[in-house]
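Working notes, beginning with the structure itself.
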Amino acid sequence: MKWVNISMGAVTALVSVLSFSPVVAATEAAKDNVITVYSSRKEHLIKPLFDRYTAKTGTQVRFITDKAGPLMARLKAEGASTPADIFMTVDAGVLWQASEEDLFRKVDSPVLEAAVPANLQSAKDDWYGLSIRARTLVYSTDRVKPSDLSTYEALANDDWKGRVCLRTSKKIYNKSLVATMINTLGEEKTEAIVKGWVANLAAPPFSNDTKTMQGVVAGQCDVAVVNTYYYARLMKKDPQTPLALFWPNQDGRGVHINVSGAGITKHAKNPEAAQKLLEWLAGEEAQGDFAGLNQEYPVNKAVKPSPVVAAWGDFTADDINVEAAGRLQAAAVKLMDRAGYK
Ligand code: FE
C-alpha cells in the first residue's frame, strides 16, 4: 500500500490560504480541489495521467494503490468516512463485484455515455471501462502455423494434447474468460471445452501470464492464452522472442476482451470533481496514454491504439456486455473446479 502525497505546490497554497482565512473556509476550498483515488491499476500507469490532469486543471489527485480485494475491504470498512472519491480497478468481474457490494454511486454523465461503449460499462451507470484488454492466443512461431489455430474451443481438441499452457484458474482474467464463454455457449459446452484444455495441458497452470508465455518459449508447450499487454512487455525486452499473437474466433463471437475501469464511490466527498476526472480519462486527450502506457486498447473509439498495439492488426472483439464476467463469475469458478482446472 502506498500513499502519494499532494505536491508541495498544493501544500504551500493551503498554508497561505490558512493564514488569511477562517479554517473552515480553507478546508472547504482545499477539499474541492483534491480527489482521492483507490486504485488497483498500478502507479506507473496512472500517475503520469493524474499529473497531467493536475497541471491542466489545478485539481490535486491523491491516490493509493493496492490489490482490488484489500481496497474493496477498506472501502467497506471505512464506509461513510472513506476519503476515496474514485475506485479504479482492472477486470469487469471486479467492477461488477464492487457495484454489487454497493461501493459505487450512479453517475449521470452524457460525456462518459458517449465515450465508453455500452457493453463496456455498468448497466446501472455506476462504473465505466477506461481501457480494453484482449485475452487471446499466443503461439510458438517455431512449432505452430497460424493456420493450425482457430478458436479458444479448438485448444480442447486432441491435436493439442500436451501442447497447451494456461495461467491458474484462480486469476480473475480466466474466471472472466470462462464466465463469458458460459454466457455465450452455455455451461455444458463450456465445461467440455475447459476439460479438454486441462487434458491438453503440458504443465500445471502458471502463476502469471508472463510465465505462461515463457513456457511456450522454453518449448514446454506450443500455445497459451494471455492478455496482449504481457506479450508487448515480453517482446519489448527481446524482440527476437519466437512468439506471435493469434486472434481466435474471428468467424464467430470474436476475441475475449475485458476492461480496466473506475466508478465514483458511494461516499465520495467530491463527486463532481471525480466525475470530471473520469470524463477526462475517457476523453480524446487522455485515452491514448491511459491505454498506451500499458499497451492496451482505448475504450474511446475516436482514439487509436499505440503503434506497438496497432501493429498486431485489427480483430473482431466479442461484443458481449462485460458485466457477464461478474454475473457468471461464481458459476465459472465452480465449473473450472469441476473440470479440474487448478
Ligand atoms: Fe494484468
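For this structure, a couple of remarks:
- Some residue of the stretch 127-139 being surrounded by fewer than 18 Cβ atoms within 10 Å (Cβ to Cβ) and either touching a residue at least 60 places away in the same chain (Cβ under 8 Å) or aliphatic (A, V, I, L, M) (or both): no
- Scanning the stretch 159-204 for residues that are within 16 Å of the ligand (Cβ to nearest atom) and part of a loop (DSSP other than H, G, I, E, B), we see that the one that is surrounded by the fewest Cβ atoms within 10 Å (Cβ to Cβ) is Lys170.
- When Asp148 is tested against (1) touching a residue at least 12 places away in the same chain (Cβ under 8 Å); (2) of a type outside the set (S, T, N, Q); (3) more than 16 Å from the ligand (Cβ to nearest atom), exactly one condition is not met: (1).
- Condition check for Ser207: in the same structural domain as Phe246 (by TED's automatic domain parsing), more than 30 Å from Gln240 (Cβ to Cβ) and within 16 Å of the ligand (Cβ to nearest atom): no
- Screening the stretch 31-56 for residues that are part of a loop (DSSP other than H, G, I, E, B) and at pLDDT 95 or above and picking the one that is nearest to the chain's Cα centre (by Cα) gives Arg41.
- Residue check for Asp222: of a type in the set (Asp, Glu), farther than 30 Å from Ala80 by Cβ, crowded, with 17+ Cβ neighbours inside 10 Å and without any contact (Cβ under 8 Å) to a residue 60 or more places away in the chain: no
- On the stretch given as the stretch 236-263, residues that are over 28 Å from Ala115 (Cβ atoms) and within 16 Å of the ligand (Cβ to nearest atom) total 1.
The values are calculated or read from the model by the stated rules, or taken from the named source; none is laboratory data. What you see is a predicted model, and the numbers here were worked out from it, not measured in a lab. We place every Cβ from the backbone using ideal geometry, glycine too, and count neighbours over all the protein chains shown.
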